[in-house]
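Encoded as structure tokens, the structure appears first; notes follow it.
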Amino acid sequence: MDGRIRYSEAVRIEVARQFALGHGAAAVATYLGLPHGTMRRWQDAYRQGHLLNLGVVRENRIYSRQVKQAAVEKFLAGTPKSEIIFEFGISTRTVFERWVAAYRKDGPSGLDPKPKGRKPSVVGKESLEQKVYRLEMENTLLKKFQALMAEDQAAQPSKRKRSRR
């Protein structure tokens with residue numbers, strides 16, 4: 001389990017009923033004793049029509065740069081987040097907040113899709129050839145060293161251990 005609290009279908013139905021009566025997220029959270037952040041997310045989901053889609057698995061949606069930029073610029077012009085999330089059908093408040101942060105940091109280019117996965121290692125043909133040459137030289141040097149060691153051992157008389165009396 002991922003540590004999140006799960007709420008029953010009955011709780012979600014009651015929350016939807018309270019929203020339908022016109023109560024806001026803060027009022028519903030206080031009335032039912034639920035976290036305010038959860039109620040804000042559920043209110044956004046209610047407005048988009050998926051608060052009661054219990055057990056329905058939604059696939060990750062991909063938004064174009066134009067949609068992201070239009071939503072962020074509208075927010076920066078003063079439109080509330082909840083209206084923008086509803087208008088553009090953005091899945092969660094967190095997704096939208098990431099867009100705003102990226103836009104503020106890097107401008108419109110911050111909203112471009114980022115390449116996924118590991119970056120390919122750029123190894124030029126020259127560097128591979130240099131590596132092969134270096135390894136061949138190391139091998140040659142090691143072979144010469146082994147030959148010298150073998151000659152040295154052959155030239156030395158064998159030493160016997162003296163026995164103790």
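The values are calculated or read from the model by the stated rules, or taken from the named source; none is laboratory data. Values in this document were obtained by computation on a predicted structure and should not be read as measured data. In this analysis, Cβ positions are derived from the backbone assuming ideal geometry, glycine residues included, and neighbour counts consider all displayed protein chains.
Within the range 96-123, if we keep just the residues that are in contact (Cβ under 8 Å) with a residue 24 or more places away in the chain and part of a helix (DSSP H, G or I), the residue that is surrounded by the fewest Cβ atoms within 10 Å (Cβ to Cβ) turns out to be PRO108.
Please indicate, with yes or no, whether at least one residue in the range 125-136 is at negative phi and assigned to a loop (DSSP other than H, G, I, E, B). For the range 125-136, residues at negative phi and assigned to a loop (DSSP other than H, G, I, E, B): absent. Could you count how many residues in the range 5-63 are at pLDDT below 85, under 19 Å from LYS81 (Cβ atoms) and assigned to a loop (DSSP other than H, G, I, E, B)? So the count comes out to 4.
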